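The values are calculated or read from the model by the stated rules, or taken from the named source; none is laboratory data. Quick caveat: nothing in here was measured; it's all calculated off a predicted structure. With ideal geometry, Cβ positions are generated from the backbone for all residues, glycine too; neighbour counts draw on all protein chains shown. Heads up: the accessible areas ignore ligands, DNA and RNA and are worked out on the full protein's heavy atoms, side chains in. Shrake-Rupley method; radii C 1.70, N 1.55, O 1.52, S 1.80 Å.
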Amino acid sequence: MQLIATNNSVILNSDQFFRFYPDSIEDMMDIGKVWIHLTGEGNLINKALAKKANNTADAAKVSAISDNCLLAWPLCPAQLGRVSSKLVDEGFHTHEELLALPAQLAALRARKPQQQHFRFAVIHGFGSGLGDSLVGMTAFRCVAEMLGEQLPSFSVDMLLSLEYNLGTAELVGDAPWVDRVLFQGPSLEDFAQYDGYFDVTGLLILPQYNAMPTVDWYLWWFGLDPQAIDPSAKRNRGNIRSEAWNNVREVLRQTPGTKVLFNPQASTALRSMPVELANQFAKRLLELDDSLQLVITQQLNFKHERLIDFSGKTASIQTYLALIDQVDGLITVDTFALHW
């Protein structure tokens, strides 16, 4: 987790949100003027500061502050999971034991024996991708089960970022124990409302990320033993709203033949098919099978009578989920569709 502050007040008025950032006090930490940094917010603030200073060289910039400074702050929530704070010793503590979370929750409960409801935050959700979020939520359902067993009552806020696909909010917000899905970092003053937090900042460089299956890594990072989790609990799942499901059904039922969803794009260019290659691939599929109805959600550079084009109809991730659920087959690159 990283904190940000600025020594010059600025108003950020963007498509995503409106917020006033007061200038920080340099010789002391004012918890109402220091913010949890969620990816993308700092860049927007820097642009607003540059615009305010007419792009001169002396424009103020956002200052990054390490979360180490929070260890001595009595109101700071405890970090939970594979790395914890404020529960074992005074610093950040890496847990070698496979099952770390139950003892952490017991310590948290012992600190607040009269408290009946506990609030938690997940910093940066489960990474910025839809696939990461789907797998992360699968793992966090196991965490939520543990929270329910150890605590009288609890709720979780998902702190995402401006770089998230808005469909992610639909994936992580359906769980009954999720209270809010936020795209802005709270001030430290607001952060004090939580009893604990899980931190997924810098997902790709966190310890052991590439050493185990993704769902097992999330379980491990959140303080659970992946090998002790029933394999059926590791299956990804989610909700498809009836309106989206019925809309897709209405289109697909009108067309006979085998319906295959072709998705050539991922969240990164590295895992996506080049446009021309995707066009060639799709044309060849249609040539090989006269009964094939090729369903697409990203427009290709050619027209065909057996292309079912949903590229103008996927206003939400729900339509995409409904398509995956109802087609006869799927051809895709390494992306969210495979996880679902």
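Averaged across orientations, what area in nm² does the convex hull of the alpha carbons in the range 55-170 project?
Dividing the Cα hull surface by four gives the mean projection, 10.2 nm².
Expected output is a single nm value to one decimal: the length gained when fully extending between residue 115 and residue 299, i.e. 0.36 nm times separation in residues minus the C-alpha distance. What is it?
60.9 nm
Excluding ligands, DNA and RNA, what is the solvent-accessible area per residue of the range 162-277 at a probe of 1.4 Å, expressed in Å²?
I get 53 Å² per residue for this part.
With a length cut of 27 Å (Cα positions projected on each helix's long axis) and a Kyte-Doolittle mean of at least 0.5, go through the chain and give me the DSSP H helices that pass.
In the chain, the long hydrophobic H runs are 130-150.
Between residue 333 and residue 289, what is 0.36 nm times their sequence separation minus the Cα-Cα distance? Round to one decimal in nm.
Gain in length upon complete extension: 13.7 nm.
For the range 291-334, what does the alpha-carbon gyration tensor say about shape, rounded, prolate or oblate, given a ≥ b ≥ c as the root eigenvalues, a/c under 1.5 as rounded, and a/b over b/c as prolate?
Oblate, since a/c reaches 1.5 and b/c is not below a/b.
Please give, to one decimal in nm, the separation of the simple spin-label points placed at residue 233 and residue 145, each 7 Å out from Cα toward the Cβ.
0.3 nm
Please give the net charge around residue 121, taking every other residue with its beta carbon less than 12 angstrom from that of residue 121, where Lys and Arg add +1 and Asp and Glu add -1.
Summing Lys/Arg as +1 and Asp/Glu as -1 gives -3.
With labels modelled as points extended 7 Å from the Cα through the Cβ direction, what inter-label distance (nm, one decimal) is found for residue 279 paired with residue 30?
Here the answer is 5.7 nm between the modelled labels.
How many lysine pairs does the chain hold where the Cα atoms are under 26 Å apart and the two sit 8 or more places apart or on different chains?
So the count of such lysine pairs works out to 15.
If you take every DSSP beta bridge whose two residues both sit in the chain, what share of them, in percent to the nearest 5, is antiparallel?
Roughly 35 percent of the DSSP beta bridges within the chain come out antiparallel.
Suppose we take every Cα in the chain and form the convex hull; what volume per residue is that in Å³?
Cα convex hull per residue, to the nearest whole number: 165 Å³.
Label residue 268 and residue 306 with points 7 Å out from Cα along Cα→Cβ: what is the distance between them in nm?
Roughly 3.5 nm, to one decimal.
What accessible area per residue, rounded to a whole number of Å², is obtained for the range 90-151 using a probe radius of 1.4 Å?
For the range 90-151, the solvent-accessible area averages 41 Å² per residue.
Give the carbon-plus-sulfur fraction of the accessible surface of the chain in %, rounded to a whole number; probe 1.4 Å, heavy atoms of protein chains only.
Exposed carbon and sulfur together represent 50 percent of the surface.
Pulled fully out, how much extra length does the chain show between residue 9 and residue 75, if you take 0.36 nm times their separation in residues and subtract their Cα-Cα distance?
Going from the current span to full extension adds 21.2 nm.
In percent, how large is the relative contact order of the chain, given Cα pairs closer than 8 Å and 6 or more residues apart?
17 percent
Order the peptides 2-8, 195-201, 18-24, 226-232 from the highest to the lowest mean number of other Cβ atoms within 10 Å of their residues.
Highest-to-lowest ranking by the protection proxy: 195-201, 2-8, 18-24, 226-232.
At 37 °C and 0.692 mPa s, grab the translational diffusion coefficient of the range 174-303 from Stokes-Einstein with a Kirkwood Rh over Cα pairs, rounded to a whole number in µm² per second.
165 µm²/s
Need one word for the range 242-340: rounded, prolate or oblate. Basis is the Cα gyration tensor (sqrt eigenvalues a ≥ b ≥ c); a/c below 1.5 gives rounded, then a/b vs b/c decides.
oblate
Would you please name the GluC sites (Glu not before Pro) within the range 109-174 that are DSSP coil residues with at most 15 other C-beta atoms within 10 Å of their C-beta?
Of the GluC sites (Glu not before Pro), the ones in loops of the range 109-174 whose Cβ has at most 15 other Cβ atoms within 10 Å are 163.
Please give the calculated 222 nm ellipticity per residue for the chain, where each DSSP H segment of at least 4 residues contributes -39500 (n - 2.57) and the sum is spread over every residue; nearest 500 deg cm²/dmol?
When only DSSP H runs of four or more count, the value is -9000 deg cm²/dmol.
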